[in-house]
Amino acid sequence: QVQLVESGGGLVQSGGSLRLSCAVSERMISNTPVAWYRQGPGKQREFVAGMLDYSTANYADSVRGRFTISRDNTENTVNLQMNSLKPDDTAVYSCAVTMGGRNYWGQGTQVTVSS
């Protein structure tokens, strides 16, 4: 069973930054799909950023230019650097990986952005 544990969430003022990290219990390879999702209060879960391989990243329009996803296959971590945070970014952020044809999710970490 693959386990994912997120960390780095917290309370930050509008315009601030946070760096989320996701520790993956199993070894990732260069083309292991990884992604971050979020679910805001009263909203459906939405895609934030993802990488299908080691170098290609995709972002939701709402975060492009402010968030950066990265991965470290040596440390088995997936990171999300979030800059210029806005109150609308308030959500529970979860990471996800696809291994062996199955999707695995973490429990999530709360990010709250105050105005």
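Remarks
- Inter-probe distance in nm under a simple model that places probes 7 Å from Cα toward Cβ, at Arg19 and Glu46: 2.6 nm
- For the range 9-14, the Karplus equation 6.51 cos²θ - 1.76 cosθ + 1.60, evaluated at θ = phi - 60°, returns couplings of x, x, 9, 9, 7, 3 Hz by residue, with Gly and Pro reported as x.
No value in this document is a laboratory result; all are computed from the given coordinates. Please read all numbers here as calculations on a predicted model, not as lab measurements. Cβ coordinates were reconstructed from backbone atoms using ideal geometry, including for glycine residues, and neighbour counts include every protein chain displayed.
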